[in-house]
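Engineer: Pasting a structure below so you can have a look.
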Amino acid sequence: MRKLKEPSSKFISVRCSSCKNEQVIFGKPSSKVNCLVCNAVLAEPTGGKGRIKTQILEVLG
Ligand SMILES: [Zn+2]
């Protein structure tokens, strides 16, 4: 089973849980990442690892 909830330094494709916008973001963000459409928080930095706060569609590796 792949650990999709703990991406390393990869780009991931996510879908905003609010507006269903699909967006490619860095899996280890150094600052908050917001949805480009509705401005919801998609990911936020937590020490070393980023925390993804929305649905992950695909890890792009
Ligand atoms: Zn959105």
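Only the coordinates and a few stated rules stand behind these numbers; no lab work does. From a predicted model like this one, the values you see are computed outputs, not experimental measurements. Glycine gets a Cβ as well: all are built from the backbone with ideal geometry, and neighbour counts include every protein chain shown.
Engineer: Once you put a point 7 Å from the Cα of Val59 and another 7 Å from the Cα of Ser13, both along the Cβ direction, what distance in nm separates them?
Structural biologist: 1.6
Engineer: Using the Cβ atoms and a cut-off under 12 Å, what net charge is assigned to the surroundings of Cys35, where Lys and Arg are +1 and Asp and Glu are -1?
Structural biologist: On the way: positive: Arg15, Lys20, Lys32, Lys53; negative: Glu22.
My count for the surroundings of Cys35 gives +3.
Engineer: Positive end of the charge dipole of segment 11-59 (Lys, Arg +1 and Asp, Glu -1 on Cβ, about the Cα centre): tell me which of Ser30, Gly47, Val14 has its Cα farthest that way.
Structural biologist: Looking along the dipole axis, the top candidate is Gly47.
Engineer: Tell me the Kirkwood radius of segment 11-59: reciprocal of the mean inverse pair distance over distinct alpha-carbon atoms, in Å.
Structural biologist: 10.4
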